[in-house]
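Working notes, structure below.
Laboratory data are not the source of any read-out in this text; all were calculated from the coordinates shown. None of the values given here were measured: they were computed from a predicted structure. Reconstructed Cβ throughout: ideal geometry from the backbone, glycine too, with neighbour counts over all protein chains shown.
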Amino acid sequence: RAASEFGKDLVCEDSLPSDDSSKKTDSDDVSKECGELLDWVHASYSPKSREASKKFEGQPSSDSSKGQSEKDKKKDKDEQGKSDGEQQYPTRTKKIPSKDFSIKEGCNAPFYLGGKAFSPNRSDRLEVQDKFTGKTYCTVSRASADEVEDAIRIAAGPGADKMRALPHYKRKAILMNVANEARRRKEELAVMLAIEAGKAIGDSRGEVGRLIETFEIAAEEAVRIYGEFEELDMTERGEGFTSITKPFPVG
């Protein structure tokens, strides 16, 4: 039957019933099972696919639902209507411990300008949606065009001057402080990432681990800014000359 419906070229010869009488019983069982599966496949594409699949899987069909009460039928109808409408989100079984987090549920997170936090009382806040529940976890203040210009001016002016004069050991200390603080708040950062980006919590923890490693490596490299010393007498013209190269931070 499978060969006649789908073609012998699409059916393995080993799966077809054998003419060997010693294998007839096994072949009959296989043929019966294949026949039931084919019936289910056809039913899946028919107008009564839902009833047929329930019958094949041993679930109660519509005939067994005749004894349902009107209340149960109305409930099934409402649930069906929900599934055809907006996306349905589950409910968290474990509450997020946001009271221990710096960004608490329902708060308005500030943006930072020149090392200071700003939370202007404006209506155009960015909503951070919890990808699991579909609800707003918190809002984030938006910077205006003028505030963005101020940030660029500070970074290119006083900020760059201070960073240029910062000794290497202080650069390392700043970067290590970021790594240590991220390690201390690893779970909070992972949960925030899972909420905002929809990452699985295991992947989020791995991402935070990579963040910590990146800052630790950068901290070590901050004190390895080496220069180069090179004799230039590879040619007659360079005799008596020496090249010394040293990188300087621009900001």
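Structure values in brief
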quantity: Cα-based convex hull volume of segment 193-248 per residue, rounded to whole Å³; calculated: 134 Å³
quantity: Amide H partners (placed H, <5 Å) of Ala109, local residues excluded; calculated: Thr139, Val140, Ser141
quantity: Long pairs among Lys104/Lys170; Lys135/Lys199; Lys116/Lys186; Lys104/Lys131; Lys172/Lys199; Lys170/Lys246, criterion Cα-Cα beyond 21 Å; calculated: Lys104/Lys170; Lys116/Lys186; Lys172/Lys199
quantity: Euclidean distance of C-alpha centroids, segment 95-149 and segment 179-251, integer Å; calculated: 29 Å
quantity: For segment 105-251, diffusion coefficient by Stokes-Einstein and Kirkwood Rh (Cα), 10 °C, 1.306 mPa s, µm²/s; calculated: 82 µm²/s
quantity: Under Karplus coefficients 6.51, -1.76 and 1.60, residue-wise ³J(HN,Hα) of segment 182-191 in Hz, glycine/proline x; calculated: 5, 5, 5, 10, 4, 5, 4, 5, 5, 5
quantity: Label-point separation, Ser119 to Arg210 (7 Å along Cα→Cβ), nm; calculated: 3.2 nm
quantity: FRET E, pair Ile201, Ala143, Förster distance 41 Å, beta-carbon r, rounded to 0.05; calculated: 0.85
quantity: Surrounding net charge for Glu221, when Lys and Arg each add one and Asp and Glu each subtract one, Cβ distance under 15 Å; calculated: +1
quantity: Dipole magnitude (debye, nearest 20) for segment 101-251, charges at Cβ of Lys, Arg, Asp, Glu; calculated: 840 debye
